[in-house]
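As structure tokens, the structure follows; a few thoughts come after it.
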Amino acid sequence: MLETFTPAVCGSRKRQIAGQSLFAVSAVVTSAALGLLLGLAGSMLGAEQAVLGAAALALVAAAREAGLIRFSIPQARRQVPEHWRFELPLPVWASGYGAGLGAGFFTYQPISTFWVACAGALALAQPVPAALCVSLYGAGRALMVVWPRRRSDDPTAAVERLTSRRGTLLRANVVALVACGVLLAVAPAAGAGVTRIAQNAYDPTVDRGTIAFATAGGNVIVRPVGGGEITYPGATGPSLSGPYLAYRDSAGIRVVRWADGTEVRRIASPYVSKPALDWPRLAFVRRASPYDRLYVRNLTSSKVTLYATVRLPTDLGRPSLRHGRLAWHTATRRESKITVVTLASGARRTMARTRIGLLGNPSVYRTKVVWVDARFGVTFLKQGWLTSSRRVVLARIKSRTVSYWTTSVASNAAYMTRWVMPTAHTDVYRRTP
Amino acid sequence: MQQPEGTRLDRQAERLSAKLAESQTRKSFLGRLGAAALAIAGGSAVAAAVKPDEADAFHLCGHIWTTGSCPSPYPPLARIDRKGFPLHPSSGRPIDNLGRIVDSAGYALDGNGKRLRGPDGAVLAPGPRTRVCEDWTREVKGLRDLRIQGSWYRCCGGQIRKLTDCCSFSRRRINGDASLVGYCWGGRRVYCVMYYDTGLPC
């Protein structure tokens, strides 16, 4: 490539600089686009699952580069098509070479670090940061075209000097890969982003990007993906499901189309509360003292199924219903636990149980379950999976007076109410991977 | 002349507690005996007979040995009531597992003594309140054989403090090193310690 970008090949010194610039821009843009796609894919897959894979890959790559293990890495053992520069105009072939090398997949890879970078971008699960990170690979490609010429007219001498330090560079690469592996391994806890999305708000509910929450003023606010806000006065306990919103008002539970407020269903009873909607199913708690009972009603067939009964003052918490699974918490003076039922099969699973903490307000999304685990002086937002025993801490508060309250979970983010007990102030936060 | 019932009981309690005070060996049965004396006599007779000094402490008043406190809402002050449930270290009021002061029905109270309400305005349901030895230490340390066994007494803050061993068959104590028999019996050893302030002056 060094011999390609010479005044002789390009036609003049000016054309050489133009060619190098186009190559550099193209390499950086292509690698950034690659990072963007990987970050996007990571956000759709769920970053928590990708981070540990990337960490493992980095460590395996470090072992390979250190000569501890041997295996082939996927690569196209080709160079850029030489005939381009004879057949195509300089802007096209220079940009084409930059794109080919910047993408990384279409050329020789002497070391496995590129693949670790790709895995890291996937694990970031955020398209723009991933694009910025991977664009450094393209910048590196561009640098190797420009840098050897900075002192000498004979760039091959600079390359030979670099080659003579190959051993040092490989060792530095091993160290960098090990550092990447370690950093990625601790990333789920350290790199989490927690941002406030609503003040004086609680009880978040999220579906397909639309978020709704209750406010301290006694309203429910819906924030659609497209922007704007829709307010439902005199309402609490919102639950979104597609175009529908369930909430509690003074007359019972109301289900509406949140876009225009059209009422779809109503359960008229002052004793029902805590709706959780997964259209056409609605979970709710009915109080018939001294018992609280958790039901799921099919709003199209009117079939009602009982899932839990507790004797007061046992706490039967706000349920969560999504993708055919129902989650709720119970807390007695002896213990608290999180239970998830698969409605189709009736299979029950206790996600968490403790005698020394207070587990509450779970949310379910496919196989993910998020809940609040309050302990002495610290409150955790935890996530588990129905398919494994793995648990991760998404967020934590070290305080005796500040705690998390209700939750909601989506494909790539968890939402929670942060509650300051002495002032009763609440805000809704989003935790992204 | 027949003595009043209360005076006779006090004298019996005094004899029992004097025997306790004279015997300074760390034998487990004496701890039990002491607990029985306190429970039966429950008054000034025991306090007068024990005549303890203010006890030096490693990490809490009255504890002159090195075993650490059991896990509790306010570590390392594992203050318990007579049934082993947690109390607030300074006020002595019942607390739940989150360290919140609770009323007799188990409801958490706010700073004004009213039942704590959630963000939605509803009174919070009672949270778990479980025993420091059998529940807390069991869950935190994964030991299933924990029992409250031996105990001994010291003077702390002008009142008699009952220090209690949480005992296990484990040969390691909460500190991570080898455990001592202490006041435990039946093959158990001291895993961690708690205390109960009796309220009896000393």
Over chain A, with a Gaussian network built from C-alpha contacts below 10 Å, which listed residue (A:THR30, A:THR407, A:THR342) shows the highest mean-square fluctuation?
A:THR342
Gyration tensor verdict on the stretch A:81-138 (Cα atoms; rounded if a/c is under 1.5, prolate if a/b is larger than b/c, oblate otherwise)
oblate
Among A:GLY167, A:GLY357, A:GLY102, which one shows the biggest mean-square fluctuation in a GNM of chain A, springs joining Cα atoms closer than 10 Å?
A:GLY167
Please list the helices of chain A that count as membrane-span-like by this rule: a mean Kyte-Doolittle hydropathy of at least 0.5 together with Cα atoms stretching 27 Å or more along the helix axis, each helix being a complete DSSP H run.
A:13-45, A:127-146, A:166-190
May I ask you to derive the FRET efficiency for A:GLU160 and A:VAL128 from their Cβ-Cβ distance with R0 = 45 Å, giving the value to the nearest 0.05?
0.70
Could you tell me whether the stretch A:307-433 comes out rounded, prolate or oblate from its Cα gyration tensor? Rule is a ≥ b ≥ c as square roots of the eigenvalues, rounded for a/c under 1.5, then prolate if a/b exceeds b/c, otherwise oblate.
oblate
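Just to confirm a number: summing +1 for Lys and Arg and -1 for Asp and Glu over residues other than B:TYR153 whose beta-carbon lies under 9 angstrom from that of B:TYR153, what do you get?
Numbers: positive: B:ARG154, B:ARG161, B:LYS162; negative: none.
Value of the local net charge: +3.
Rounding to the nearest 20 debye, state how big the charge dipole of chain A is about its Cα centre with +1 on each Lys and Arg Cβ and -1 on each Asp and Glu Cβ. Intermediate results must be reported in sequence, preceding the final value.
Numbers: 54 positive and 20 negative charges, 288 e Å.
Computed about the Cα centre, the dipole is about 1380 debye.
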List the longest stretch of chain A that has no exposed loop site; here a site is one of the GluC sites (Glu not before Pro) assigned by DSSP to anything other than H, G, I, E or B, with at most 12 other Cβ within 10 Å.
A:230-433
Before anything else, pin down the relative contact order of chain A: Cα pairs under 8 Å, at least 6 apart, normalised by residue count, whole percent.
12 percent
Using a Gaussian network model of chain A with C-alpha springs under 10 Å, which one of A:ALA158, A:ALA27, A:ALA201 is most mobile by mean-square fluctuation?
A:ALA158
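Bear in mind that the values in this text are calculations on the coordinates, not laboratory data. Since this is a predicted model, take the numbers as computed values, not measurements. Note that we place each Cβ from the backbone using ideal geometry, even for glycine, and neighbour counts take in every protein chain shown.
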